[in-house]
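Contents: one structure, followed by commentary.
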2 protein chains.
Amino acid sequence: MPGGRPRAFDPDAALDSALEVFWSQGYEGTAISDLTAAMGVNRPSLYAAFGNKEELFHKVLDRYMQGPGGFTSRALEAPRARDVVEGLLYGAVELTAGPGTPRGCLSVGCVQACGPEAEPVRQEVAARRKAGEAALRTRLERARDEGDLPGDCDPADLARLVTALTDGIAVAAAGGSSRQELLQLAGTALRMAFTPGPG
Amino acid sequence: MPGGRPRAFDPDAALDSALEVFWSQGYEGTAISDLTAAMGVNRPSLYAAFGNKEELFHKVLDRYMQGPGGFTSRALEAPRARDVVEGLLYGAVELTAGPGTPRGCLSVGCVQACGPEAEPVRQEVAARRKAGEAALRTRLERARDEGDLPGDCDPADLARLVTALTDGIAVAAAGGSSRQELLQLAGTALRMAFTPGPG
DNA sequence: CTAGTTTCTTACCGATCGGTATGTAACTTG
DNA sequence: CAAGTTACATACCGATCGGTAAGAAACTAG
């Protein structure tokens, strides 16, 4: 009963190719023809395997967060709050200016202004980003309860600040800042965030 | 010899309408038909008055930096370095989450990944952003020479940091953070940037 | 082999993209 | 008035957009 012609491409590898295209060109800037060319998959096969452009992007976003963006969830598991933040800041540098991958961040790039057609995609990206910041806040609240945060430091404030910093790193990378500059920036940011001030 | 039929629209007002469309939809997400509808200008009149899409965007970008984004150059004129940074951070909040204007920042939005067709636009936006950060660095170098900066603070590092923070504010605004949250973020950032630490 | 199933290939769909040719309307000058 | 100039409005251009119909090709099951 089963059988049928075997597919001539590896779905995961094709998804990686699609990720690279979306990452470097954005959602609106990517045409189906760009995807089929990079994935080595014919147009109808793409639709059969991954759905339409929006569904494909959804799958790509999942793969992004589990692959290159996986450091965000791993960083939260660090034992000390400072290590959490350090992992996020330096992870953002490697993600957005690392070798072999496009500059910038897929998530940051796709939450920006877009045409009405891409608005649902933007909304979903925004929702995922909110969830990410909420997870960081929760982690920092735990740190506060464990006495792992400077006393006057509000977890929500720090989560907002670190999110803004990692996003700022992504924008700088997209704008052409070098990896060296970004590493310097991450260091400055980390020092600033964890320097206990007079209040 | 001169004369001719007078134009039926105000070029500056039309440019403001174009700015609003580009601001809320981005460069790639904006179609010429979106612009003509918002500007109240027919298609050939638009091309005659402002050139093609890319030239129009260039003019819009100028208007953006002189209008809503004008606070960036004004902030540099503040007498104390801390006031410069404060003006930039809170100005970014008003720009990206103020009333009556689209969320986010036109410049931050257009420096992100885009299709090959829009790459020249992205490059120009990136160049302008680099120039803006360089101007801030120059201003902070002057502050250092005047003893207006904490002793261990490198102007280039602080300029990078403040740029990343304002960009982070813009991304947060695009992602749906409220003006209140952004004001809180700006305050936290300012306090941390100008809290002299142990080094 | 044949029947059934799934994928690949080619070719196409209507809609929209950025940009323009063409003719007419509105104005200044003489 | 007529001549010259500029901007208006309609209609159109080829190219590309996202998405699909139809049939050939490659496999499994009997």
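Summary of values
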item: Among the residues listed as B:ARG82, B:ARG5, B:ARG103, B:ARG43, the single one being open to solvent by 50 Å² or more (accessible area, probe 1.4 Å) and under 18 Å from B:ALA170 (Cβ atoms); result: B:ARG103
item: Residue identified as under 23 Å from B:GLU117 (Cα atoms) and exposed (fewer than 12 other Cβ atoms within 10 Å of the Cβ) among A:SER33, A:SER17, A:SER24; result: A:SER33
item: Matching entry among A:ALA113, A:ALA118 (being surrounded by 15 or more Cβ atoms within 10 Å (Cβ to Cβ), assigned to a loop (DSSP other than H, G, I, E, B) and not aromatic (Phe, Trp, Tyr)); result: A:ALA113
item: Boolean, A:CYS105 is in contact (Cβ under 8 Å) with a residue 40 or more places away in the chain, within 19 Å of A:VAL21 (Cα to Cα) and at the interface with chain B (Cβ under 7 Å from one of its Cβ atoms); result: no
item: Subset of region B:121-152 (residues that are open to solvent by 70 Å² or more (accessible area, probe 1.4 Å) and outside any helix (DSSP H, G or I)); result: B:GLU146, B:GLY151, B:ASP152
item: Leading residue by the ranking (nearest to the chain's Cα centre (by Cα)) among those in region A:2-33 that are farther than 30 Å from B:CYS110 by Cα and near DNA strand D (Cβ under 9 Å from one of its atoms); result: A:ALA8
item: Failed item in (1) more than 14 Å from DNA strand D (Cβ to nearest atom); (2) without any contact (Cβ under 8 Å) to a residue 12 or more places away in the chain, with B:THR36 passing the rest; result: (1)
item: From the options B:ALA164, B:ALA172, B:ALA159, residue that is aliphatic (A, V, I, L, M), open to solvent by 10 Å² or more (accessible area, probe 1.4 Å) and under 21 Å from the mean Cα position of the chain (by Cα); result: B:ALA172
item: Any hit, region A:54-74, residues being away from DNA strand D (no atom under 15 Å from the Cβ), in the same structural domain as A:LEU149 (by TED's automatic domain parsing) and over 20 Å from the mean Cα position of the chain (by Cα); result: no
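The values are calculated or read from the model by the stated rules, or taken from the named source; none is laboratory data. Given the structure is predicted, the values throughout are model-derived calculations rather than measurements. Methodologically, a virtual Cβ is constructed for each residue, glycine included, from the backbone with ideal geometry; neighbour enumeration extends over all protein chains shown. For the accessible areas, the whole protein counts, side chains as well, though only heavy atoms, and no ligand, DNA or RNA atoms are used. Shrake-Rupley method; radii C 1.70, N 1.55, O 1.52, S 1.80 Å.
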